[in-house]
Amino acid sequence: MKKKTLLLAAFAAVALQSGLTSCSSKDEVVDSGSGKQIDNSNVVADDASALSLVNGVYSHWQPLSSSFSFIIELNSNKLISFEGEESEAGPVNSRFEQQPDTWYQVKIFNHLLLGIAQDNEAITTISNSQKAGKVTQAGYNAAVGKAKFLRALAYLKLVQLWGEVPVFTEEGGSTTERRPIDDVFAQIVKDLTSAESLLLDYSGDPRVPSKQAAQALLARAYLVWGDNPLSSAEVQAIASSQTDPAFTKNDARLEKAVEYADKVIASGKLALDPDYSKLFGREYESNKRGTNEHLFTIAHDGDKNDAQGNHQTHCSWTFPFQNGENGKGYSENHTEVADDNLFDDWKAELPGDKRLAETYFTQLKNPEDGLTYHYYSPVYTPINGKGVDRSYDDAENLEITANSVDRIEIRYAEVLLIKAEALVQLGRNSEAAAPFNQLRTRAGVPTVAAPTFDQIKREWDYEFTYEQFSLLNSLRWKNLISSVKKVSGYKHFANNWKSLATYTSAQEAFFQKVHNHLVAKYNNVSGKHYRQPIPKGLSGEELGILPQNPGY
């Protein structure tokens, strides 16, 4: 989860300083098996090698599967981190104290840009090979369609978290000049529209980008763009303030979000899994149930087999059954649910919601010793249930080291909620009821005739908590500061929290940390956090991407 498996720093530095390309037309490597020279003229000799070249881009996505949570979830009211010392990158993000050298910002930013560079190189090489008659049209469509899909996804993550970023493709562009928000989104739409035309229909394998996955990303991109992301100047104006900016929207873009969501829905290729609890875990990944809800996932086969295993389970459940009960030791997980209130408030509002038990658990029997352990004060905080694999026998103990659960990037439920939200923002609330109520019906909670915007926002929480949406939604809705400040109502925020129960010394030390992080969130969050800091390179070098974001 930390700096376990990195690209060589030298490679990263050279790639960034030379335009973020993965190789050069001057490079030549001897193939020891055949004695032939391998260069850009023959590295792609057929359809299979074209696809293999693009698949190499996943080496930049795989290390990020859990890392996204260390920004997107920790920079919210929902999660705190006790990953090592309080000076480590996890706790720093938890307290809204991130800087240009904070590891998760460095890691995500650099890997996304390096992946884009590799996409660019692959598109050029494959295009040349097709012109040379080595790659068929079908092979070109599959490989280039995937490259453009992954490039658009990378740009979408970058623009949401960092705002104006460099835009460079196989057609040119600068690796250091920051482009306006609209330019970045224009490139995202261009890539995804091309990917939509090149890729095949969803086949049931969510590891393979499909036409419907591209359409789903287009719906997401237009929803984000339709909510008018702040410009750098707008962030500068509120950088030191603890007041959110006004919410604004662009109806034409929201209409496009509905249009592309409808394309996915009308295809008939996707559906909600009837059992929400079966969406997460190794035995349910990659559509093994055949229910077609997982629309696009990042494959993981464990630390030893891919660039880095998916540590979502490891981070949420670092020390299984070590909460001080039943004679066991007491240790702190790398990520912790912010407080009991996140469970309590949901249960009070929708006590019959089937998603609650999957999202949080407050007690669990250890399959190894048969004893029940509790995760609720004064013992502990609730556990992020989606981060703990419970899909196979003894999964709670085994998957924290296997790290082999695929990361879900897009599932069909998101498409339905994107459509519902866009319609509500457009004032067509009654039309939004149909997609909105599909989620409510599966969850076993009352349906509504015309969802309100507030109900839409709550549904994002109920359906997607800890699935790496929290910060991104707050940025869209322009309620980052007010949403984070909700921690002031949490049980362990007030200075009198010690009077609420009788704690052991270990428990008191744990809840003192909880208190400290909640107070830090409340005090530190400000307008500058509508952007992440432009970070340094993987080896600590300056990337030359200027200007720095406001407030850092």
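The values are calculated or read from the model by the stated rules, or taken from the named source; none is laboratory data. Not measured: the values here are computed from a predicted model. A quick note on method: Cβ atoms are made from the backbone with ideal geometry, for glycine too, and the neighbour counts reach across all protein chains shown. To get the accessible areas, we keep the full protein, side chains included, count just its heavy atoms, and leave off ligands, DNA and RNA. Shrake-Rupley method; radii C 1.70, N 1.55, O 1.52, S 1.80 Å.
A few points about this structure:
- Considering residues of the stretch 481-500 that are among the polar types (S, T, N, Q), open to solvent by 20 Å² or more (accessible area, probe 1.4 Å) and under 19 Å from Asp461 (Cβ atoms) only, the residue farthest from the chain's Cα centre (by Cα): Ser488
- Matching option when the condition is of a type outside the set (Val, Ile, Thr), assigned to a helix (DSSP H, G or I) and surrounded by 20 or more Cβ atoms within 10 Å (Cβ to Cβ), among Leu398, Leu423: Leu423
- Residue list for the stretch 430-461, restricted to those being in a helix (DSSP H, G or I), open to solvent by 30 Å² or more (accessible area, probe 1.4 Å) and either in contact with a helix residue (DSSP H, G or I) (Cβ under 7 Å, 6 or more places away or on another chain) or over 17 Å from Asp262 (Cα atoms) (or both): Glu431, Gln438, Thr441, Phe453, Asp454, Gln455, Lys457, Arg458, Asp461
- Residue in the stretch 186-202 that is touching a residue at least 12 places away in the same chain (Cβ under 8 Å), more than 24 Å from Ile126 (Cα to Cα) and either under 21 Å from the mean Cα position of the chain (by Cα) or open to solvent by 50 Å² or more (accessible area, probe 1.4 Å) (or both) present: no
- For the stretch 87-126, the set of residues classified as surrounded by fewer than 23 Cβ atoms within 10 Å (Cβ to Cβ) and not in a helix (DSSP H, G or I) consists of Ser87, Glu88, Arg95, Phe96, Glu97, Gln99, Pro100, Asp101, Thr102, listed by residue number.
- Comparison of Gln507, Gln532 shows that the only residue that is surrounded by fewer than 21 Cβ atoms within 10 Å (Cβ to Cβ) and either touching a helix residue (DSSP H, G or I) at 6+ places or on another chain (Cβ under 6 Å) or modelled with pLDDT of 95 or more (or both) is Gln507.
Each row is one residue, and each column tells you yes or no for (1) farther than 23 Å from Tyr466 by Cβ; (2) acidic (Asp, Glu); (3) touching a helix residue (DSSP H, G or I) at 6+ places or on another chain (Cβ under 9 Å); (4) open to solvent by 50 Å² or more (accessible area, probe 1.4 Å).
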| site | (1), (2), (3), (4) |
| --- | --- |
| Ala252 | yes, no, yes, yes |
| Leu272 | no, no, yes, no |
| Asn287 | no, no, no, no |
| Glu293 | no, yes, yes, no |
| Thr297 | no, no, yes, no |
| Gly309 | no, no, yes, no |
| Gly324 | yes, no, yes, no |
| Lys328 | yes, no, no, yes |
| His334 | no, no, yes, no |
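- Residues in the stretch 140-182 that are in a helix (DSSP H, G or I), open to solvent by 10 Å² or more (accessible area, probe 1.4 Å) and more than 25 Å from Asn228 (Cβ to Cβ): Tyr140, Asn141, Ala142, Lys146, Lys148.
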